[in-house]
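The values are calculated or read from the model by the stated rules, or taken from the named source; none is laboratory data. Quick caveat: nothing in here was measured; it's all calculated off a predicted structure. All Cβ positions, glycine included, derive from the backbone under ideal geometry; neighbour counts span all protein chains shown. The accessibility values were calculated without ligands, DNA or RNA, using every heavy atom of the protein model including side chains. Shrake-Rupley method; radii C 1.70, N 1.55, O 1.52, S 1.80 Å.
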Amino acid sequence: MSLRERSATDRVLAAREQYVAAGVSTPPLVVERAEGARIWDADGREYIDFAGGLGCQNTGHGLPAAVAAIHEQADRYLHQCFMVGMYEPYVEACRLLGETWPGEAETKSLLVNSGAEAVENAIKIARVATRRTAVIAFDHAFHGRTNLTMALTSKVVPYKRGFGPLAPEVYRAPGPYPYRGVSSDDALRGLELLLKQDVDPASVACVVLEPVQGEGGFIPMPDDFPRRLKELCERHGILYVDDEVQSGVGRTGPVWAIEHYGVEPDLLVSGKSLGGGLPLAGVTGHTELMDAVPPGGLGGTFGGNPVACAAAVAVLEEVRTPAFRARAEDVGARIRTRLQSFVARSDVAGEVRGLGPMLALELVEPTPDVASAVTAAARARGLILLSCGIYGNVIRILVPLSISDEELEHGLELLEESLGDTGAA
């Protein structure tokens, strides 16, 4: 077949094979355009999107207010570098991060490019503020792909194999995972043991925890765990870093997932949906902690790009409205009901879990085979779906929360059919 006779998708796939590094994993999907909760490929086929750009589209593809803000800012200037010349969109995004802070503290923020960069900066701030160096992460964590965040991340393949040596002074504690038999009590006992045998608590700057562990399997923390962890941290002068890169910006209903637990962190890391589809992440924290780093110690050339900040202002204004939260909770209830019906009649599907509309279905067998078959079958039927978990056996849902009832029901029907194709339902 000549190049001209190939489909648009085939032409891009061939070029991808020739020019894009093999280490970048991609499905055979070439996106042409997207709107709300729908995607169209290069050959015009329509899909329901249950992946949301890997959690970057909580407000939907092309949130009108964000698109308008992007166009308006692009007509003014695309880049300045905040360290060369200040601009209002950066300050406004930080103001809104402060206004949506899950607690009573006065806060300040830093804006960067990605979630991993934000996590690294949160640790830098914690180290300066406490004059300590050690960091504790948890089983099933995912915090990024840079050297320090790879050390925090709890999965070897594909994230760490061959990339060492990794950053030192990172320690790992058990994380609660009730479905696999690890309770809050178990996890806290393991953390206490870690502080007895591996690292002196007086040398620990911070713990870093996702309220819902994303790549690790959509594992929500038990109701009591964040509170008890915060109490332990306070006893030892350790800072609590709340990683909301995937679980934040309205993903679970409230702006921040930690609001479900009534715990105020010391530092909060945001990203993914913050920029409405543009690269943006942030660190927000108690003013005295954020100001512990002297001028020049934080920053970056593109961190807080003005176009991304303009989009973030529109996104944050949207996700803090009562209407957005109500819709998120309704979407979550609908998805949970359908997933629970799958589990009730299946020997393969094990547990439905998550917070609000950040939901997943774990399959019983700890292998990726069935989950991979489900995501492939879903894509063939017109549904974009992702798997996750340390064993790759968890099917996660990151649907844009602007989805209509009709689109949601259609997507859930396609999911059910795909589970049936593979014997999971």
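For region 74-110, a residue qualifies if it is within 25 Å of the chain's Cα centre (by Cα), more than 20 Å from residue 258 (Cβ to Cβ) and touching a residue at least 60 places away in the same chain (Cβ under 8 Å), and the qualifying residues are 89, 90, 92. Looking across region 229-241 at every residue that is open to solvent by 10 Å² or more (accessible area, probe 1.4 Å) and in contact with a helix residue (DSSP H, G or I) (Cβ under 6 Å, 6 or more places away or on another chain), the one that is nearest to residue 257 (Cα to Cα) is identified as 239. The set of residues in region 153-201 being in contact with a Pro (Cβ under 8 Å, 6 or more places away or on another chain), hydrophobic (A, V, I, L, M, F, W, C) and open to solvent by 20 Å² or more (accessible area, probe 1.4 Å) consists of 182 alone.
Surrounded by 11 or more Cβ atoms within 10 Å (Cβ to Cβ) and among the hydroxyl-bearing types (Ser, Thr, Tyr): does that describe residue 77? Reasoning before the result, please.
Details: surrounded by 11 or more Cβ atoms within 10 Å (Cβ to Cβ): yes; among the hydroxyl-bearing types (Ser, Thr, Tyr): yes.
Yes; evaluated as a whole, the condition is true for this residue.
Scanning region 219-238 for residues that are out of contact with any strand residue (DSSP E or B) (no Cβ under 8 Å at 6 or more places or on another chain) and either part of a helix (DSSP H, G or I) or without any contact (Cβ under 8 Å) to a residue 12 or more places away in the chain (or both) yields 225, 227, 228, 231, 232, 234, 235.
Could you pull out the residue among 327, 379, 334 that is in contact with a helix residue (DSSP H, G or I) (Cβ under 8 Å, 6 or more places away or on another chain), outside any strand (DSSP E or B) and open to solvent by 50 Å² or more (accessible area, probe 1.4 Å)?
Working: 327 fails: in contact with a helix residue (DSSP H, G or I) (Cβ under 8 Å, 6 or more places away or on another chain); 379 fails: in contact with a helix residue (DSSP H, G or I) (Cβ under 8 Å, 6 or more places away or on another chain).
Selected residue: 334, the only one of 327, 379, 334 that is in contact with a helix residue (DSSP H, G or I) (Cβ under 8 Å, 6 or more places away or on another chain), outside any strand (DSSP E or B) and open to solvent by 50 Å² or more (accessible area, probe 1.4 Å).
So which residues in region 139-152 are part of a loop (DSSP other than H, G, I, E, B), open to solvent by less than 20 Å² (accessible area, probe 1.4 Å) and either of a type in the set (D, E, K, R) or more than 11 Å from residue 119 (Cα to Cα) (or both)? 141, the sole residue that qualifies. When you look at residue 188, is it free of Cβ contacts under 8 Å to residues at least 24 places away in the same chain, among the hydrophobic types (A, V, I, L, M, F, W, C) and touching a Lys or Arg at 6+ places or on another chain (Cβ under 8 Å), yes or no? Taking the combined requirement at face value, the residue does not satisfy it. Summed over region 111-138, residues that are open to solvent by 30 Å² or more (accessible area, probe 1.4 Å), among the small types (Gly, Ala, Ser) and under 19 Å from the mean Cα position of the chain (by Cα) total 1. Among the conditions (1) touching a residue at least 60 places away in the same chain (Cβ under 8 Å); (2) in contact with a helix residue (DSSP H, G or I) (Cβ under 6 Å, 6 or more places away or on another chain); (3) not hydroxyl-bearing (Ser, Thr, Tyr), the only one that residue 199 does not satisfy is (2).
Scanning region 294-316 for residues that are in a helix (DSSP H, G or I) and either among the charged types (D, E, K, R) or open to solvent by less than 10 Å² (accessible area, probe 1.4 Å) (or both) yields 306, 308, 309, 311, 312, 315, 316.
Among residues of region 260-288 that are within 18 Å of residue 142 (Cβ to Cβ), those with a beta-carbon under 8 Å from a residue that is open to solvent by less than 10 Å² (accessible area, probe 1.4 Å) and of a type in the set (Lys, Arg) at least six positions away or on a different chain give the pairs 273/251. Scanning region 40-62 for residues that are more than 30 Å from residue 7 (Cα to Cα) and not β-branched (Val, Ile, Thr) returns a single hit, 58. Restricting region 337-354 to residues that are open to solvent by less than 20 Å² (accessible area, probe 1.4 Å) and at negative phi, the residue that is nearest to the chain's Cα centre (by Cα) is 353.
Give me the residue from region 388-425 that is of a type in the set (D, E, K, R) and modelled with pLDDT of 95 or more and, out of that set, nearest to residue 155 (Cα to Cα). Step through it out loud before you land on a result.
Pass one, region 388-425, residues of a type in the set (D, E, K, R): 396, 405-407, 409, 413, 416-417, 421.
Cutting the leftovers down to modelled with pLDDT of 95 or more gives us 396, 405-407, 409, 413.
Values: 396: 17, 405: 36, 406: 37, 407: 34, 409: 34, 413: 32 Å.
Among those that are of a type in the set (D, E, K, R) and modelled with pLDDT of 95 or more, it is 396.
Test residue 416 against the stated conditions and say whether it is closer than 19 Å to residue 354 by Cα and open to solvent by 40 Å² or more (accessible area, probe 1.4 Å). Yes.
Please tell me if residue 82 is among the aromatic types (Phe, Trp, Tyr), open to solvent by 10 Å² or more (accessible area, probe 1.4 Å) and under 22 Å from residue 211 (Cβ atoms).
Values: among the aromatic types (Phe, Trp, Tyr): yes; open to solvent by 10 Å² or more (accessible area, probe 1.4 Å): yes; under 22 Å from residue 211 (Cβ atoms): no.
Judged against the criteria, residue 82 is not a match.
Applying the condition of being crowded, with 16+ Cβ neighbours inside 10 Å and more than 21 Å from the chain's Cα centre (by Cα) to region 32-45 and asking which residue is nearest to residue 328 (Cα to Cα) yields 41.
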